[in-house]
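Peer 1: Okay, handing you the structure first.
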Amino acid sequence: MAFLDITGVRKAYGTQTVVHHVDLGIERGEFVSFLGPSGCGKTTTLRMVAGFEVPSAGRVVIDGKDVTPLRPNQRNIGMVFQAYALFPNMTVAENVGFGLKVAGQSAAEIAPRVEEMLRLIKLPQLGGRYPYQLSGGQQQRVALARALAIKPKILLLDEPLSALDAKIRISLREEIRAVQRQLGITTIYVTHDQEEALSMSDRIVVMNEGRIEQIGTPFEIYNFPRTRFVASFVGTLNLIEAKVAPGGGKLEIDGQPVIAREGINGAAAGTSVTVALRPEAITLAAGGEGRNALAGTVEEVSFLGSVIRIRVRFKENAVSLDTFNDPAVAPPERGKPVTVSFAHGDVQVLGAA
């Protein structure tokens, strides 16, 4: 049995089911992200783990104990919200120690723990300030320290960085991951940001319309998506319409032959399928052994700083590819005929177009 077991959990409001039969085991010390678009059920699932929502079916077990009927304050869970939820009339130190005070600990017991938490979040000198005197990133650090001060069995974070600007998000997500590793605390992180999930997680749970689409490591989720939704939601993706070619094992994209790693054996010639291809898998070069080559025309060139994104059109289909910016090499001009190539193994056949 895993440290946290979510078994057959479902949530419905009247006749509308928002979470359908979630089964998930999370090991002690694991960092798992729930990833998906707004309304996919990720936050509702998190709130059922926390006890803020009661499952319509199923159960939540923590460290061998069924906590499904227990209130949130009986589950020994720390939670960090998107909106910080700090008490404006309390100092930073008082906010961090609030849960300990509610638990009945004395001031002598609370003070050293608060000091320890402020050092952990790298704000040891700010205990006497009030929330309005802090930046957004500092406030979120304080919210994290408050959640960790009670020594919870599980840490839950509900899109904690979405209100911050890009640079602070990158810095703070690294700090959150470092703190989680240092403490070895089991963590669930809810986000719609694929970069956050890919960079922070041991495993990712991709959700869509209340169901789990795929569970896997960031490497597995990105490189080997099992469904069209996962392939299109995680990372930038080219979706191409192709047809199964006569003879088996081959495809045609706008009349040009392509070999795929797998997924078309047994399919009848002429069958339409959707092919997924990552931009970074494509190069501006002729094909070689083990590679496909397609002739096309440069349709668009976008300068993105360190990366140049080039769009190449064949006929009905087009693909985007990424190349590193090299000041010594000018990117191709629009309208120029080019050949792009990609490995057989980079062609993901997703199914009917």
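The values are calculated or read from the model by the stated rules, or taken from the named source; none is laboratory data. A quick note: this is a predicted structure, and the numbers were derived from the prediction, not measured. Note that we place each Cβ from the backbone using ideal geometry, even for glycine, and neighbour counts take in every protein chain shown. Areas reflect the complete protein model, heavy atoms only, side chains present, ligands, DNA and RNA absent. Shrake-Rupley method; radii C 1.70, N 1.55, O 1.52, S 1.80 Å.
Peer 1: What are the residue pairs meeting all of these: first residue in segment 280-300, first residue over 11 Å from PHE342 (Cβ atoms), second residue among the aromatic types (Phe, Trp, Tyr), Cβ atoms under 9 Å, and 6 or more apart or on different chains?
Peer 2: ALA295/PHE314; GLY296/PHE314; THR297/PHE314
Peer 1: Taking the options ALA295, ALA286, ALA328, name whichever one is assigned to a strand (DSSP E or B), over 32 Å from the mean Cα position of the chain (by Cα) and surrounded by fewer than 15 Cβ atoms within 10 Å (Cβ to Cβ). It would help to see each step written out before you state the result.
Peer 2: On the way: ALA286 fails: assigned to a strand (DSSP E or B); ALA328 fails: assigned to a strand (DSSP E or B).
From the options ALA295, ALA286, ALA328, the qualifying one is ALA295.
Peer 1: Identify the residue in segment 1-47 that is part of a helix (DSSP H, G or I) and more than 16 Å from GLY78 (Cα to Cα) and, among all such residues, is least open to solvent (accessible area, probe 1.4 Å).
Peer 2: Restricting attention to segment 1-47, the residues satisfying the condition of being part of a helix (DSSP H, G or I) are 42-47.
Going one step further and asking which of them are more than 16 Å from GLY78 (Cα to Cα), we end up with 42, 44.
Working: LYS42: 8, THR44: 31 Å².
Out of the qualifying residues, it is LYS42.
Peer 1: Can I ask one more? Is it true that ARG119 is touching a residue at least 40 places away in the same chain (Cβ under 8 Å) and open to solvent by 70 Å² or more (accessible area, probe 1.4 Å)?
Peer 2: no
Peer 1: Out of everything in segment 90-104 that is touching a residue at least 12 places away in the same chain (Cβ under 8 Å) and part of a loop (DSSP other than H, G, I, E, B), what residue ends up being least open to solvent (accessible area, probe 1.4 Å)?
Peer 2: The extreme case among them is GLY97.
Peer 1: Could you check, for segment 142-158, whether at least one of its residues is in a loop (DSSP other than H, G, I, E, B), of a type outside the set (Lys, Arg), closer than 24 Å to ASP193 by Cβ and without any contact (Cβ under 8 Å) to a residue 60 or more places away in the chain?
Peer 2: No, that holds for no residue.
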